[in-house]
Amino acid sequence: EVQLVESGGGLVQAGGSLRLSCAASGFSIDDYAIGWFRQAPGKEREGVSCISSSESRIFYGDSAKGRFTISSDNAKNTVYLQMNSLEPDDTAVYYCALDDHCSGYGWRSWGQGTQVTVSS
């Protein structure tokens, strides 16, 4: 069974950092693109970052602002999102999902999300 589980969210002050984890099971992250997304209440879902190990490609949305770093650990079958210099606008529920390519439109296997709250 293909499954993604997000963790690592929490409450942090502006300027702080968090590292989110996306633990995969039922498949190898090396075979798919893993994307990080976020959604705040009343707002549209926003793409944050994507990593495609098979293509050796990494993408960042404008929201990353050069502050976030996506990485993967094949041994743990986990994708991480290191978030530094957090701002209140980063407050959202963060999700991960998979697709065949970062440029694809078939994101699926969404996790339950992890809440990130940044206080000013």
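The values are calculated or read from the model by the stated rules, or taken from the named source; none is laboratory data. As the structure is a computational prediction, the values presented were derived from the model and not from experiment. Note that we place each Cβ from the backbone using ideal geometry, even for glycine, and neighbour counts take in every protein chain shown. All accessible areas refer to the heavy atoms of the entire protein, side chains included, with ligands and DNA or RNA removed. Shrake-Rupley method; radii C 1.70, N 1.55, O 1.52, S 1.80 Å.
Here are the numbers for the structure shown:
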read-out	value
Tally of residues being over 12 Å from the mean Cα position of the chain (by Cα) and open to solvent by less than 80 Å² (accessible area, probe 1.4 Å) across segment 96-106	5
Verdict on Gln115 being surrounded by fewer than 13 Cβ atoms within 10 Å (Cβ to Cβ), modelled with pLDDT of 95 or more, in a strand (DSSP E or B) and on the phi < 0 side of the Ramachandran plot	yes
Contacts under 7 angstrom Cβ, first residue in segment 1-30 being touching a residue at least 60 places away in the same chain (Cβ under 8 Å) and aromatic (Phe, Trp, Tyr), partner outside any strand (DSSP E or B) and surrounded by fewer than 17 Cβ atoms within 10 Å (Cβ to Cβ), 6 or more apart	Phe27/Val2
Matching entry among Ser85, Ser109, Ser72, Ser53 (being touching a helix residue (DSSP H, G or I) at 6+ places or on another chain (Cβ under 7 Å), open to solvent by 10 Å² or more (accessible area, probe 1.4 Å) and either within 15 Å of Val5 (Cα to Cα) or touching a residue at least 60 places away in the same chain (Cβ under 8 Å) (or both))	Ser72
Unmet criterion (only one of (1) on the phi > 0 side of the Ramachandran plot; (2) loosely packed, with under 15 Cβ neighbours inside 10 Å; (3) out of contact with any Gly (no Cβ under 7 Å at 6 or more places or on another chain)) for Asn77	(2)
Positions within segment 1-53 being closer than 16 Å to Gln82 by Cβ and among the polar types (S, T, N, Q), in sequence order	Ser7, Ser17, Ser21, Ser49
Identity of the residue in segment 56-65, open to solvent by 80 Å² or more (accessible area, probe 1.4 Å) and modelled with pLDDT under 90, that ends up nearest to the chain's Cα centre (by Cα)	Lys65
Hits in segment 22-46 (condition: out of contact with any Lys or Arg (no Cβ under 8 Å at 6 or more places or on another chain) and surrounded by fewer than 18 Cβ atoms within 10 Å (Cβ to Cβ))	Ser25, Gly26, Phe27, Ser28, Asp30, Asp31, Ala40, Pro41, Gly42, Lys43, Glu44
